[in-house]
Each structure stands twice: as C-alpha cells, then as structure tokens.
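Comments concern the structure below.
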Amino acid sequence: MELQSLQERIEAARKKLHVLTEKHNGQLCHPYVIRQSVRLDKLINEYNQLCNNRKF
C-alpha cells in the first residue's frame, strides 16, 4: 500500500476516533471508541512497518 494513501486513512481514522469520543461524552472505555482506537493503532503500525521496510 502506498504511504500517501495510508496517511490519508490514518487521518480519517483519527478524525473518526475524535468524533466518537465526543459523541460518547469523552468515555474512552466505550466499546465503539476502543474499537476505533484499535483500528487506528493497526493503521499506524502498518505505516511504521512500511517506513521501516523502505529503509533497507
């Protein structure tokens, strides 16, 4: 996957996490907030792996 596309997906996931957190009154333990946070983490991990692989 291209880095630019992945960056855009990360930004969209980050915005969605922010919206969900606001919607659920800042409850970071709400299941929807946690689920979105996990999605964002996976995208960030994928991005970091791609960046690390390009260094070699």
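A straight chain from I34 to V19 at 0.36 nm per residue would run longer than the Cα-Cα distance by 4.1 nm. Sorted largest first, the principal axis extents computed over the alpha-carbon atoms of the chain equal 44, 17, 12 Å.
The angle separating the long axis of helix 3-23 from the principal Cα axis of greatest extent in the chain is about 10 degrees. Excluding ligands, DNA and RNA, the accessible surface per residue across the chain is 79 Å² with a 1.4 Å probe.
Under 16 Å from a label point set 7 Å out along the Cα-to-Cβ vector of E46, the amide N atoms of the stretch 14-34 belong to 14-17. On the chain, 53 percent of the accessible area sits on carbon and sulfur atoms, based on a 1.4 Å probe. Relative to the longest principal axis of the C-alpha atoms of the chain, give the angle of the C-alpha long axis of helix 31-54, reported between 0 and 90° and rounded to the nearest 10°. It works out to around 10 degrees.
Taking Cα pairs under 8 Å and at least six residues apart, what relative contact order does the chain come out at, in percent? Reported relative contact order: 42 percent. Its Cα centre serving as origin, the chain has a Cβ charge dipole (Lys and Arg +1, Asp and Glu -1) of approximately 60 debye.
The values are calculated or read from the model by the stated rules, or taken from the named source; none is laboratory data. Note that the structure is predicted; figures quoted are calculated from it, not measured. FYI the Cβ positions are ideal-geometry reconstructions off the backbone, even for glycines, and counts take in every protein chain you see. Side chains included, ligands, DNA and RNA excluded: accessible areas come from the protein's heavy atoms. Shrake-Rupley method; radii C 1.70, N 1.55, O 1.52, S 1.80 Å.
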